[in-house]
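The values are calculated or read from the model by the stated rules, or taken from the named source; none is laboratory data. Since the structure is predicted, the reported quantities are computational estimates derived from the model, not experimental observations. For neighbour counting, all protein chains shown are included, and Cβ atoms are generated from backbone atoms with ideal geometry for every residue, glycine included. Please note that ligands, DNA and RNA were not included when accessible areas were found on the heavy atoms of the full protein model with its side chains. Shrake-Rupley method; radii C 1.70, N 1.55, O 1.52, S 1.80 Å.
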Amino acid sequence: MTSATIAQGHDPLAETGEVYEDAVVIRLIQFSVLWAVVAMTAGVYISAELLWPTIDLGQFWLSFGRLRPLHTNGIIFGFGVSALMATAFYSVQRTSHVRLFSPALAWFCCYAWQLVVLLGGLSLLAGWNTTKEYAELEWPFDIAIAVVWVIFGVVFFGTIARRKIRPIYISNWFYGALIIVIAMLHIVNNLAIPVTVDKSYSLYAGAQDAVVQWWYGHNAVGFLLTGGFLGMMYYFLPKHSGRPIWSYRLSVVAFWAFTYSYIWAGPHHLHYNAIPEWVQSLSVVMSVILLAPSWATMINGIMTVSTAWEKLKTDPALKFIVLSLAFYGLATFEGPMMSFPSVNVVSHFTDWTIGHVHSGALGWNAMITYGTFYFMVPRLVGAPLHSVRLANIHFALALAGTMLYIVAMWGAGVSQGLLWLSVDEIGELSFSFKDVMTSMQPFYALRLIAGLIFLTGTLLMTYNLFKTLAGRQAVVAKAPPVDPAYAINKEVTA
Amino acid sequence: MGNSIYSFLLFRALYAPKAAFAKLAGADPAPWRVLFRYALWLLILPPLFSFVGASKFGWRVGAAQPLVMDSNALLLISLGYFFILFFGLVTTALISRWMADTYGANASFGRHVALITIVGEPLAVASMAHLFPDVFFNALVLIPTTIWAMYLLYTGIPLALGIPPERGMLMASSLVGWLLVAAVSLLGISMSLWTLGVGPLLGV
Amino acid sequence: MSALSLHKKIEENTGLLIFGILLVSAIGGLVQILPVLNQKSLEEPTVNTKPYSAIELTGRDIYMREGCSVCHSQQIRPLIAEVERYGPYSRAGEFVYDRPFMWGSKRTGPDLHRIGGKYTDDWHRIHLIDPRTVVPESIMPGYPWLAERAASETGNIVAKMTALRKLGHPYTDAQIAAAESDLEGLMEIDALTAYLQILGTGLDEEIAR
């Protein structure tokens, strides 16, 4: 017990003596940023290949079909999951008032995951590809992912089990759902018979495989890219605004409604495809229902900051987090809308889908992650951000890049959808596929520019965080005393 | 105030938006006067340009032949376009007015209408691109204009409503959220109408 | 007990929370996915749908390796324009030997489900090596290496067919025994072409018309 804590008037009995394990958080942030740069560069490169198809230079590993899964997997598993692990480790300690359960396992989790992403990425370039979207990695990696994931779960839930505070905080429900549901989806969807180290055949075939795959694909988006990042929002937004979450009740209802209804919506990725009709109809209904908990959560977030404006200082971190909520609102509205058969008939198979994914991935996931990193990094090393000006420029670039990307893909997608379906008076097709494809070039050019703008912003952040971190160590952060009213140990209160 | 605010809005808002916002901060014009003396003229521009452009040249979608529609259908579409813009302006102003309470801004509905009109003004003028109805050309002109309009939104809200920049930023972001949702709804509704049989033929 | 006080219990107990999440998230899958997995009609092949031969299977694995499904769907929706453009709409029974399914989610290039028989083998070979020699506007990448690698090196064909037989694909012993010699002398580009030519030929000729 230090004299400082006594001087502040804390109850000496309640002092926990726990020191947070923060070095692993910093390392995960570094890896996350690294993968963001790598995977976004791959994205920009393949978007250029759609304009100049020969820039793969005849090299198999630069071919579009191999770089595209590298781009998606790099973003989701490299950038996204590393960021989720970093923020989960950071916030679970602070909401439980204890050090991580087994820091050694946490470090193992950190490095093992990076190894999986690195080798997995290389295996994709080598052509080990199951072709199931966002589950392209072959069976050895599927097993490795499952093992690391379980360890992630052990560290996370182990920490919660040791907590000094009675209630489990809301952000931890979302991180918990991320860990549990993704494990379930990952294992079921990847069941396969291995043939050789680089090849396996799915246990499911044809239409059944399609339904299982989109149950996975849709909910990987749901519980990883939506739920996991909502965990981020639920911790960092109240933390930053110094206010409790606006409505506790709303967060309880929204969480369970979200967890229940998301799972059903997967087959809306297969409208008019050769799967049973009742599955398609059910998925439309559930997609629309899903809008309610999605937006309830957004409203909860916005109201949390809105009721605290007198305390707010606009720093780049908050700007990013608040704007990310606007794009979250767009993406979670656009999704159910695109699941309507009358809209889907136009949007399916077009670039509109790509635009929709990026309004989520750039506008929501990347922006809230950037905001969170700008918030965490200075606090982790106890030094101010290297340059607030650069971060503000990054904000403008991220906003412009995302808007341009979305609008370009709306244009491309709607044109494709309508022109493909367009017929003349005697019922003959108005446009050949080739004509429609050629007319996409301007939109693809705009998208390339959008990607470059967004990547430039990310590079600015990389430099900014690197300068903030350079030569600094994680500051020693101790768990503050627990409010006796919430303490888990009744004796302490007595 | 009288006429001065309107004459100020009508031209100078375009090249001196910050001065216009500052002027607006001290005025609470009547909403219907802003709408009919000022906003209406701007709202007529895009449908007018698109009607002229589409009837003279036909919409060009990339390499394909121009899509020519008969003038009755065009008139209907232009009218629809106008009403959507009108509806969009009024609802955005209403939402802005409604949100203002949350962010501690107390301004009359008229001021919100004027604010949204100034923000949208560059887009109305840039819709001149509709005269040359090529999808890509229009995107090239309108996208940078949209980014400019968003800049105006972020600078205009704190200036015109007299609230601190940090609160203005939050409110602007919330409005961006609404505008994005409105835009995508419009897209969804028009696609649904199209696939259900209104508009050019589709083989569905 | 009110709902909120029930929730107090859940949110104060790690085990209950884990169990609750698992239960609530599993319902959708159990009610919606399990019946589909048990629906036997989805496992019945259409008249002319047969397990892929050793050559076609190798071609299909090359198709997977190169990520073709990223840009080409194999799913024709029952829409007038789509049937007019590509051919008869896709039936579930045509995909019963597809592990995994190859329907795709994006058409940067055209749908390929009924591509079989539309072009000659030679056209495919030229097109795969350098698409722009036959379609100048094409933005498809070239795959020159397919003409330089032997089809027998794509993978262990016997192990593949044996694994698929375990999953219920009706391969005979003779087919598996002959698999390696079937591939002899063929390049990867030949195998891929064979796969493309078999695509969409699984329908009864009556329906196909």
Legend entry - Mean Cα-pair separation over length for chain B, i.e. relative contact order, pairs under 8 Å, 6 or more apart, %: 25 percent
Legend entry - Heavy-atom accessible area per residue - the protein assembly as shown, 1.4 Å, Å²: 38 Å²
Inset, instruction - Figure the gain on full extension for C:Ala159 and C:Ile126 (residue separation times 0.36 nm, minus the Cα-Cα span) and round it to one decimal in nm. - result: 8.8 nm
Inset, instruction - Sort out for me the Cα centre separation of region A:420-477 from region B:25-51, rounded to whole Å. - result: 35 Å
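Provide B:Met69, C:Met102 ordered by accessible surface of protein heavy atoms (probe 1.4 Å), highest first.
Details: B:Met69 50, C:Met102 5 Å².
Listed by decreasing accessible area, they come as B:Met69, C:Met102.
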Legend entry - lysines with Cα under 22 Å of C:Lys8, excluding same-chain neighbours fewer than 8 positions away: A:Lys164, A:Lys490
Legend entry - region A:25-75 versus region C:54-86: alpha-carbon centroid distance in Å: 24 Å
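If you place +1 on the Cβ of every Lys and Arg and -1 on the Cβ of every Asp and Glu, how big does the dipole about the Cα centre of the protein assembly as shown come out, in debye to the nearest 20?
On the way: 56 positive and 57 negative charges, 706 e Å.
It comes to approximately 3400 debye.
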Legend entry - Candidates B:Tyr151, B:Tyr103, B:Tyr15, ranked by Gaussian network fluctuation over chain B, Cα under 10 Å, top entry: B:Tyr15
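Only helical DSSP H runs with n ≥ 4 go in: add -39500 (n - 2.57) per run for chain C, normalise by residue count and round the 222 nm mean residue ellipticity to 500 deg cm²/dmol.
So the calculated ellipticity at 222 nm is -14000 deg cm²/dmol.
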Legend entry - Long-range Cα-Cα pairs in the protein assembly as shown (distance over 54 Å), rounded percent: 16 percent
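Could you sort out which of A:Lys132/C:Lys50; A:Lys239/C:Lys9; A:Lys199/A:Lys434; A:Lys132/A:Lys467 sit more than 30 Å apart by Cα distance in this structure? Intermediate values should be presented prior to the final figure.
Working: A:Lys132/C:Lys50 23 Å; A:Lys239/C:Lys9 25 Å; A:Lys199/A:Lys434 34 Å; A:Lys132/A:Lys467 39 Å.
A:Lys199/A:Lys434; A:Lys132/A:Lys467, as the Cα separations exceed 30 Å there.
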Legend entry - Rel. contact order, % - alpha carbon contacts under 8 angstrom, at least six apart, chain A: 18 percent
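Take each of the peptides A:451-460, A:424-433, B:166-175, C:180-189, average the number of other beta-carbon atoms within 10 Å over its residues, and list them starting from the highest.
Values: A:451-460: 20.2, A:424-433: 13.6, B:166-175: 23.7, C:180-189: 17.0.
Order by mean packing, descending: B:166-175, A:451-460, C:180-189, A:424-433.
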Legend entry - Per-residue mean of C-beta atoms belonging to partner chains within 10 Å, peptide A:197-203: 5
Inset, instruction - Please give the solvent-accessible surface of C:Lys40 in Å², to the nearest 10, using a probe radius of 1.4 Å with every protein chain present. - result: 120 Å²
Inset, instruction - Report, in cubic angstrom per residue, the convex hull volume of the C-alpha atoms of region A:3-493. - result: 161 Å³
Inset, instruction - Quote the total accessible area buried by chains A and C together, excluding ligands, DNA and RNA, probe 1.4 Å, nearest 100 Å². - result: 7700 Å²
Inset, instruction - Measure out, as a whole number of angstrom, how far apart the alpha-carbon centroids of region A:222-272 and region A:136-153 sit. - result: 24 Å
Inset, instruction - Select from C:Ile176, C:Ile33, C:Ile126 the residue whose mean-square fluctuation is largest in a Gaussian network model of chain C (Cα-Cα springs shorter than 10 Å). - result: C:Ile33
Inset, instruction - Mind checking A:433-443 for the average number of partner chain beta-carbons within 10 Å of each residue's beta-carbon? - result: 6
Legend entry - Relative contact order, percent, region A:350-494 [alpha-carbon distance under 8 Å, six or more residues apart]: 34 percent
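Enter the mean number of other protein chain beta carbons within 10 Å of the beta carbon of each residue in C:70-77, as an integer.
Working: counts 12, 4, 1, 3, 0, 7, 3, 9.
Across the residues of C:70-77, the mean count of other-chain Cβ atoms within 10 Å is 5.
Listed highest first by mean packing, meaning other Cβ atoms within 10 Å per residue, what order do A:164-171, C:166-173 come in? Walk me through the numbers on the way to the answer.
Numbers: A:164-171: 20.4, C:166-173: 12.4.
Put in order of decreasing packing, that is A:164-171, C:166-173.
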Legend entry - Ranking by accessible area, most exposed first, for B:Phe11, A:Phe152 with a 1.4 Å probe: B:Phe11, A:Phe152
Inset, instruction - Go through C:Met161, A:Met437 and list them by solvent-accessible area, largest first, probe radius 1.4 Å. - result: A:Met437, C:Met161
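Dipole magnitude of region B:28-195 about its Cα centre, charges +1 at Lys/Arg Cβ and -1 at Asp/Glu Cβ only, in debye to the nearest 20? The partial results should precede the final answer.
Values: 7 positive and 6 negative charges, 34 e Å.
So the dipole magnitude of region B:28-195 works out to roughly 160 debye.
Give me the Kirkwood hydrodynamic radius of region B:28-195, using the inverse of the mean 1/r over all pairs of distinct Cα atoms, in Å to one decimal.
17.0 Å
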